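*Asks:* Following this message is one structure expressed as structure tokens.
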Amino acid sequence: MAPLRKYPVGIQSFESIRAGGYIYVDKTPLIYKMITMGKPYFLSRPRRFGKSLLCSTLEAVFQGRRELFEAFTTEEGIEQPQLFIATTNWKWHPHPVIRFDFSQERIYTLSTLIELIDFTLDKYEREYGITPSKDKGYNLRFISLVEAAHRQTGRRVVVLVDEYDGFMLHSIGDPELEAGVRRQFSSLFSPLKALDDHLQFVFITGISKFSQMGIFSTLNNLSNISMISGYDALCGITEEELTTQLRPDIEYLAEKRGETYEETFIELKRMYDGYHFSRNMTDIFNPFSLFNAFSLGEISDYWFDSATPSSVIDMLAQMPPIHLADIDGVSCPSDAFDIPFNSYSNPLPVLYQSGYLTIKDYDKEYDEYVLGLPNLEVRKGFASRLYQHVVAVQGIDTNKNALFRAFNQFRRTDDLPAFIEAIKAFFAGIPYHLNEKGEHHYHVILYTLLTAFGADILAEEPTAKGRADIILKVQKGIYVIELKYDGTAEEALAQIDQRGYAEKYRLDGRPITKVGIAFSSKERNITEWKSKGEE
């Protein structure tokens with residue numbers, strides 16, 4: 001069964017999308033607002049959220065390419081609808097556009113950066129009749145280029161900088177490279193403020209805002225719209241857009257999956273929704289994952305591996321160990337998001353800007369954000385990656401895979417004894433020197449692994465009298481699990497009863513099973529376990 005429509009998976013050119021008959025979710029209402037209300041903007045969004053497409057769309061707008069925004073029929077006979085901006089009073093005067101695109105580079109060396117900047121400047125210098133001269137610094141070349149473009153066309157210049165921070169992110173941990181990257185960017189973009197009379201519009205995208213970069217220190221009037229409510233839907237797909245512009249695609253996917261529209265929508269929401277980029281809490285779906293699901297006809301994991309910069313993983317490895325339960329629902333003051341990306345003291349801004357955490361709530365009184373994992377796709381992917389840091393050893397994936405199979409079997413059959421035996425086998429396979437830790441260590445490993453398997457699981461769940469270690473929900477029941485280190489299974493069960501860990505789940509309707517698990521520091525494994533049903 002072929003896909004219903006053409007989906008722009010991996011296509012970042014606005015012209016290619018429109019001319020090729022691909023779906024384009026209309027972002028021009030926000031684009032029109034942005035280009036008519038200000039000039040220098042910065043937008044931070046995670047990878048694969050449409051920043052490059054946004055830059056390409058802005059380029060087409062300022063080049064005066066109105067035909068791409070009107071309704072038309074492609075060469076293949078596909079009807080493309082009129083976009084909002086074509087209905088406005090936008091004048092469509094063509095402006096010279098200078099675009100620096102750092103989004104496609106994959107070799108992050110200083111020489112590569114210099115070559116990329118030189119190539120971009122050379123291209124535009126030749127376009128405006130300037131003989132490229134590498135004897136001049138980037139600042140003088142950029143000034144000459146902008147002034148020449150303005151003088152020759154009679155219209156002010158548009159500057160677009162896409163994924164400016166890619167090289168900075170990959171220089172973390174390499175002071176020499178970091179200093180070199182700063183030097184090149186400071187030289188290139190330091191004239192921006194002085195060129196204000198020649199500039200019509202400036203737009204910069206990235207994952208993070210490096211305050212020390214010349215690109216920001218010179219643009220002190222830069223409007224950072226990354227967490228502004230009016231622009232939170234500038235990238236990504238809102239629930240309204242999904243249920244209107246993309247409703248036929250949900251219906252088609254539901255038919256292929258043998259489900260109702262409502263069932264498929266709920267699964268799409270569970271997997272790809274949950275992003276919030278402002279206090280307004282507008283629900284944003286991951287566009288990359290959505291279009292992959294529609295194109296391939298399968299709701300699966302698409303974003304994490306393709307959008308995880310290796311620099312982020314390297315950075316996390318240099319921070320104190322991160323436990324999944326400790327960051328899901330944690331508070332973060334608003335000024336923390338101004339901390340540069342290369343600050344290892346606080347991982348929360350790093351995780352938020354990278355797309356692993358999102359805004360879950362905002363406390364106006366204390367000006368604090370509550371952050372958490374956005375959806376199941378991210379939860380599984382992040383847990384899987386954290387597993388490598390928690391266990392920090394290769395060669396035990398066989399036991400991990402066996403535990404995964406046992407958990408899936410448990411979900412289907414409710415066979416608790418077999419599942420517990422698989423957990424014991426997994427811990428038995430961890431080398432001695434990595435397993436000489438306390439109760440929290442076992443707890444973290446078990447919770448992280450089950451999360452990576454896609455389990456509906458809660459850790460350290462608060463109740464009126466304490467915190468339950470693990471709440472595991474499967475189709476046939478709810479399991480309230482307490483772990484005791486050098487204690488007994490009876491003591492663990494008694495704690496569940498004494499502190500009422502199971503009480504808040506009685507209205508769920510599913511059977512509740514209490515599970516007490518004892519770990520031995522000598523055996524470094526489960527020594528006994530007991531379970532009983534909720535009375």
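*Asks:* Order of 134-145, 177-188 by packing, highest average Cβ count within 10 Å first?
*Replies:* By packing density, highest mean first, the sequence is 177-188, 134-145.
*Asks:* Towards the positive end of the charge dipole of the chain, with charges on Cβ (+1 Lys, Arg; -1 Asp, Glu), say which of Tyr356, Ala86, Val515 has the farthest Cα.
*Replies:* About the Cα centre, the residue reaching furthest to the positive side is Ala86.
*Asks:* Helix-only estimate, please: 222 nm mean residue ellipticity of the chain, summing -39500 (n - 2.57) across DSSP H runs of length 4 or more and dividing by its residues, to the nearest 500.
*Replies:* -12500 deg cm²/dmol
*Asks:* Continuing with the same structure: Can you tell me the length gained on complete extension of the stretch Ala179 to Glu127, counting 0.36 nm per residue apart and subtracting the Cα distance?
*Replies:* 15.6 nm
*Asks:* Let me ask you something else. Which value, in Å³ per residue, describes the convex hull spanned by the Cα atoms of the range 463-535?
*Replies:* Given the Cα convex hull of the range 463-535, per-residue volume reads 82 Å³.
*Asks:* Taking 0.36 nm per intervening residue step and subtracting the Cα-Cα distance, what contour gain separates Thr244 from Asn401 on full extension?
*Replies:* Residue separation times 0.36 nm, minus the Cα-Cα distance, leaves 52.5 nm.
*Asks:* Per residue, what accessible area does the chain have, given a 1.4 Å probe and all protein chains present, in Å²?
*Replies:* 43 Å²
*Asks:* Something else now. Among DSSP beta bridges lying fully in the chain, give the percent that are antiparallel, nearest 5.
*Replies:* Once the DSSP bridges in the chain are tallied, antiparallel ones form about 55 percent.
*Asks:* Right, another one. Between Asn280 and Arg499, what FRET efficiency follows from the Cβ-Cβ distance if R0 is 35 Å, with the result rounded to 0.05?
*Replies:* Step by step, r from the Cβ atoms, then E = 0.40.
*Asks:* Let me know the volume per residue of the alpha-carbon convex hull for the range 103-152, in Å³.
*Replies:* For the range 103-152, the hull spanned by Cα atoms encloses 81 Å³ per residue.
*Asks:* Positive end of the charge dipole of the chain (Lys, Arg +1 and Asp, Glu -1 on Cβ, about the Cα centre): tell me which of Met281, Ala402, Tyr22 has its Cα farthest that way.
*Replies:* Final value for the positive-end residue is Tyr22.
*Asks:* Let me ask another. Below 13 angstrom from the Cβ of Arg126, what's the summed charge of the other residues (Lys, Arg +1; Asp, Glu -1)?
*Replies:* In short, -2.
*Asks:* Membrane-span-like helices in the chain: DSSP H runs reaching 27 Å or more (Cα, own axis), mean Kyte hydropathy at least 1.6?
*Replies:* none
*Asks:* Along the charge dipole of the range 1-148, Cβ charges K/R +1 and D/E -1, which of Ile117, Gly64, Leu4 sits furthest on the positive end?
*Replies:* So the residue furthest toward the plus end is Leu4.
*Asks:* Between Phe72 and Glu255, what is the spin-label point distance in nm, taking each point 7 Å from the Cα along the Cα→C-beta axis?
*Replies:* Once both label points are built, they end up 3.0 nm from each other.
*Asks:* Let me spell out the model: positive unit charges on the Cβ of Lys and Arg, negative unit charges on the Cβ of Asp and Glu, origin at the Cα centre of the chain. What dipole size does that give, in debye rounded to 20?
*Replies:* The calculated dipole for the chain is roughly 680 debye.
*Asks:* Turning to a different aspect of this structure: Could you pull the Cα extents of the chain along its three principal axes, largest to smallest, in whole Å?
*Replies:* 84, 53, 47
The values are calculated or read from the model by the stated rules, or taken from the named source; none is laboratory data. Bear in mind the structure is a predicted one, so any value in this text is a computation, not a measurement. No Cβ is skipped: glycine too gets one built from the backbone with ideal geometry, and neighbour counts run over all protein chains shown. With ligands, DNA and RNA removed, areas are computed over all heavy atoms of the protein, side chains included. Shrake-Rupley method; radii C 1.70, N 1.55, O 1.52, S 1.80 Å.
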